[in-house]
Amino acid sequence: MKSRIFSYISIILSFQPVFLSAQKTDANIFGDVKSNGEHLPFATVLVEGTSAGTTTDMSGHYMLVNLPEGEVEITAQMIGYKSQTKKVSLKQSVTLEVNFVLEEEVMSLNAVVVTGTRTSKRQTESPVIVNVLEGKTLGQIQANTLSEGLCFQPGLRVETDCQTCNYSQLRINGLGGSYSQILINGRPVLSPLTGLYGMEQIPSNMIDRIEIVRGGGSALYGSSAVGGTVNIITKIPDQNSYEVSVNHALINNEGNDNQVNANLNVLTLRRNAGMSIFASGRQRDYYDANGDNFSELPMLRNNSFGFTSFLKPAPNQKLEFSFSSMYEYRYGGEMTDKAAYLAQQSEERTHNVLMGGVDYEIDFNNNNSSFITYLAAQNTKRKHYTGIIPDDQDTADYLQHFINPPYGNTDNNTFQAGLQVNHKFENFLSGTNLMTIGAEYLYDYVFDEISAYNYLLDQTTFNSGAFLQSDWEIITGLTLLAGVRADKHNLVDKVVFNPRFSVLYRLNGNTQFRASWASGFRAPQAFDTDMHIAFAGGGVTRIRLADNLKEEKSSSYSVSVNYDQASENYIWGFTVEGFYTLLNNAFMLEEAGSDEFGLIYEKRNANGSIVKGVTVELRGNYNRKVQLEAGFTIQTSDYTKPVAYSESLEAMKKYLRTPDSYGYYTLIFTPGENFSASLSGVYTGAMEVLHVAGAPENPVSDELVTTTSFFENSFKLSYLVKFGRLNNGIEIFGGIKNMFNAYQDDFDSGKNRDSNYIYGPSLPRMYYFGIKLKSI
C-alpha cells in the first residue's frame, strides 16, 4: 500500500518539462556507487564545471549520456559520506564505466552551508563560522520544538521571560533576543511579533537542519542581525519515506504533555520533483510549581502542518515552494475553567500564523553563474487577553474590568521580495572570486490594540536593501570575504551602509584561522519583547518607544581557530572564538513612571554598551558509536554608563538577565543499529534579575536579585525493531528531561506576582515515552 501511494504521487509530480540535451556526442558514462560493499541509492553524480548530473537509482546505479568531450572530473556525493572525484577522458561515441566507493563520515564537519555567505560553501571553506544543528540531533535529544533545540549550540541561550505566558527569546553572544535574526529558508518571515512565541510553535519534525552564524558576520542580512542569524532550513525529500510518532510526557507527576508528529517524503522516479510534508499536534496541561493555583507553565493547544517541495524543469533550474500553517492556544494564570476575564489574573493567546515562500534558481555559464529570485510572506492573526481583577470591589476600576475587559486584537503582515546574482571569476588576480550582488525589499505591518488599557501599536516598517560581496580565494587556503550592504529604512533618515570583512586561512587541511569585522544597525522600531504586557505589583507593565529614538549602530570583531583531527576510528576537534561587539546609541529599558494601569518602561538610547567574551567548542566521535559535542561561553555585557532599571534602585552598568557563563553538552551512544542512548545538559550561570515590589515575597521595594546557577540534565533511551521485508520499523523511546529538577524554586505567588521574575529552566522535571513508526 505504501509503495502504491508513493507511485501515485510520483506520477502526478512527473507532469513537467523534460530537459533535452542539444549536444549529441554519444560520450557516455555508467557505473555504480557503493559504501562498505553495499550499493547506495539516490547518491548524486556530477560532471564538474557543467550542468550534467544525475542520481543513482534504487539499485545504486547511474548513467550519464551525451557528455562534453575531453578531460572532465566526475564527483559522487551523498549526505553522510565523503565525496569522491575521478578524472576521465571522454571521447565521441565511447561509453566508459566509472564506479565509486564512498567512505562514511564519522561526523558531519564539512557540510555544505549557505547562511554565512548567502552562497553554498563547505563549512571548512567558509570565511565566516557557520555551526550546523542537524534535525537528526534534535530527535536524538528529544527536542520537540525549535526553542528546546537551540540551546544546544555554542554561544546561544534560550530564556523564558514570563511566568504567566512563557514567551521566550534567543540570545546570541550575550545580546538580547531582538538582536537575533531568525530566518526560515533564508527569509526573515518570522517577524518580531511572530518571534514572541514562534520558537515554541515550530515543531522539530519540520526542520532538516539549523545553520547558525554568531556575531556581526551575518550583516548582509540587514537590520537586527547584530547578535547573529539562525537559519531554519526545512526538510527537502531525498527518498520516499514516512515517519509517525506519538509522545506522552508527565510534567513533574502533575500534568500531561502529549504530542503527535508525522512526516511524508515523496519523489518522482526521475528525482526532478518532490515534496516533504509535515504535521504536528500538541496538548499540554498547565503546571503550578508553588501550589498557589496560578500556573508557571501555561496550557498549550498547538497544531501545525505544511510542506516544502521542489521542481526541476531542467537540470540547471530549480523551483522551491514552502508553506506552513500554525495554530496555537495558550493560557496561563489562575487555573480555572472560567473565561479569561473572570480569572483573578490570566493571559490568553490565540495565534493563527500562515507563512510561505517561493524560490527560483537557474545556473548557467557552465555553472559559473547563477540567478536567484524569491518571494516570502507571513500573516499572523492574534486574539489576546492580559488582565487582573482589582482587589477592591467597591471601586469603579473593579466594575470597569467586567464592563470592558482588556481583550486585544493583533494583525501582522510581513512580505519580502529579492533577487541575487552570483558569478565565479576563475582567474581573478591569480585566484578565484565568487561575486554576489543582490537587492531585496522587506515590509512589516503590525497593528496591536487593547482599548481598555489605551494601548495601541500601529506600525509600518519597510526596508530596501542592496548588497555586494566578494568571496576571493587569493591562493589555495587563503580567502578574503569582503562585502557591503546599503539599507534605507523608513524610520531612519539616511541610507545606512554596513561593510564587513572576513579572512580565512586553512592550514594542513585540518586547521582554520578566521578573523572578521562587521558593522550593523537596528532601526528604532518595536521589537518582540516590546509587544509583551506583563504583570507586576497588582498591575500591568507596558513598554513604549521614546520620542526621537535613534537607530542603533554596532561594530563587531571576532577571531577564531578551528581544529579537527581524524583517523580510521575516531575524530576529535575544537573551536575557540573570541568576540567583541560595541554598540552605539544602544537601546535599553528604563522605568518611566506609572499610570492607572501599572508601570511604564521606555525604550531609550544609552550612550553605548560593550559585549565581549570567549566561546569554546569541543567535539569527538569514536568509531561511530560515541559522539560528544559541547560548548561553553564566558562573557560580559555592560553599558558604558549606568542605567536606572527602577526609580527606587541605584543605576548599574550590567545587563540584566545575562549570565557571565553558560554552555551545553550532548553525549550520544549508538553501539549498534537498533539501540541508542543520549545524555544532554544545559548550564546557565548566575545573573542579575529585577524583582518588582507587590507580591508577598517582595513587599517592600524593588530589588535586584543575583540568581543561583543551574544545570539541567536529560537522558533518552531508544530501541528500533526492524521489519526487514516490509522496510519498516518501530522505535520505542523514553527518558527524563531536567532529571534533577533544577526548576526555579522562588517564584512569586498569587495574582499580584511579578511575572517577569523568572530565570530558571523552561521546564520542570518531565518523564516521557513514545512510539515511532517509520520506513527504513
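Take the alpha carbon gyration tensor of region 89-164, find the square roots of its eigenvalues, order them as a ≥ b ≥ c, and report rounded if a/c is under 1.5; if not, report prolate when a/b exceeds b/c, else oblate. Verdict is prolate for region 89-164.
Ordered by solvent-accessible area of protein heavy atoms (1.4 Å probe), largest first, the residues Val114, Val65 come out as Val65, Val114. Residues whose amide H lies under 5 Å from that of Phe428, counting only those 5 or more places away or on a different chain, are Asn433; hydrogens are built 1.01 Å from N in the peptide plane. Residues whose amide H lies under 5 Å from that of Leu649, counting only those 5 or more places away or on a different chain, are absent; hydrogens are built 1.01 Å from N in the peptide plane. Could you work out [θ]222 nm for the chain from helices alone, using -39500 (n - 2.57) per DSSP H run of at least four and dividing by all its residues? Round to the nearest 500 deg cm²/dmol. One gets -1000 deg cm²/dmol as the mean residue ellipticity at 222 nm. Putting +1 on Lys and Arg Cβ atoms and -1 on Asp and Glu Cβ atoms, find which of Asn205, Ala279, Ser309 reaches farthest to the positive end of the dipole of region 165-310. So the residue we want is Ser309. Roughly speaking, to the nearest percent, how much of the chain's 1.4 Å accessible area is carbon and sulfur? Answer for the chain: carbon and sulfur cover 56 percent of the accessible area.
How large is the charge dipole for region 447-516, taken about the Cα centre, if only the Cβ atoms of Lys, Arg (+1) and Asp, Glu (-1) carry charge, to the nearest 20 debye? Don't skip to the answer; put the middle values down first.
Values: 6 positive and 7 negative charges, 99 e Å.
That gives a dipole near 480 debye.
What the phi angles of region 358-371 give under the Karplus curve with 6.51, -1.76 and 1.60, with θ = phi - 60°, is a coupling list of 9, 10, 10, 9, 10, 9, 8, 6, 6, 6, 8, 9, 8, 10 Hz, glycine and proline written as x.
Here Lys774 is the anchor, and the lysines within straight C-alpha reach of less than 20 Å, apart from those fewer than 8 places off in the same chain, are Lys2, Lys136, Lys235, Lys716, Lys722. Glu712 contributes about 40 Å² of solvent-accessible surface, heavy atoms of the protein only, 1.4 Å probe. Backbone phi angles across region 253-262, fed through the Karplus curve with coefficients 6.51, -1.76 and 1.60 (θ = phi - 60°), yield HN-Hα couplings of 6, 10, x, 10, 9, 10, 9, 10, 10, 8 Hz in residue order; Gly and Pro are listed as x.
Using a cut-off of 10 Å between beta-carbons, work out the net charge of the residues near Asn272 (Lys and Arg +1, Asp and Glu -1, Asn272 not included). Kindly include the intermediate steps, with their values, before the conclusion.
Numbers: positive: Arg270, Arg271, Lys312, Lys318; negative: none.
Summing Lys/Arg as +1 and Asp/Glu as -1 gives +4.
Within the full protein context, the accessible area of Asp397 is estimated at about 100 Å² for a probe radius of 1.4 Å.
Model label points for Lys494 and Glu703, set 7 angstrom from Cα along the Cα-to-Cβ axis, are 4.8 nm apart. For the residue pairs Lys494/Lys612; Lys494/Lys653; Lys612/Lys654, alpha carbon separations beyond 20 Å are given by Lys494/Lys612; Lys494/Lys653. Excluding ligands and nucleic acids, what accessible area in Å² is computed for Asp702 using a 1.4 Å probe, to the nearest 10? Asp702 has an accessible surface of roughly 20 Å² with all protein chains in place.
With the simple spin-label model, which puts each label point 7 Å out from Cα in the Cβ direction, the Lys338 to Leu507 separation comes to 6.9 nm. Spin-label model, Gln84 to Lys654: label points 7 Å out along the Cα-to-beta-carbon direction sit 5.8 nm apart. In terms of accessible area, using a 1.4 Å probe and ignoring ligands and nucleic acids, Trp517, Trp572, Trp472 rank largest first as Trp572, Trp517, Trp472. Counting only protein heavy atoms and a 1.4 Å probe, region 177-234 has 12 square angstrom of accessible area per residue. Each of Asn293, Thr50, Asn727 was placed along the dipole of the chain (beta-carbon charges, centred on the mean Cα), and the one lying farthest toward the positive end is Thr50. To test your reading of the geometry: what angle, between 0 and 90 degrees and rounded to tens, separates the Cα axis of helix 2-13 from the longest principal axis of the chain? In the chain, helix 2-13 runs at an angle near 80 degrees to the longest axis. For Tyr757, the residues whose amide H sits under 5 Å from its own are Gln163, ignoring neighbours fewer than 5 places away on the same chain, with H placed 1.01 Å from N.
In terms of the mean number of neighbouring beta-carbon atoms within 10 Å, the peptides 523-531, 90-98, 373-381 order highest first as 523-531, 373-381, 90-98.
Using the Cβ of Lys318 as centre and a radius below 9 Å, the other residues enclosed give a net charge of -3, where K and R count +1 and D and E count -1.
The values are calculated or read from the model by the stated rules, or taken from the named source; none is laboratory data. None of the values given here were measured: they were computed from a predicted structure. Neighbour counts run over all protein chains shown; Cβ positions are idealised from the backbone, glycine included. Only protein heavy atoms, including side chains, enter the accessible area calculation; ligands, DNA and RNA are left aside. Shrake-Rupley method; radii C 1.70, N 1.55, O 1.52, S 1.80 Å.
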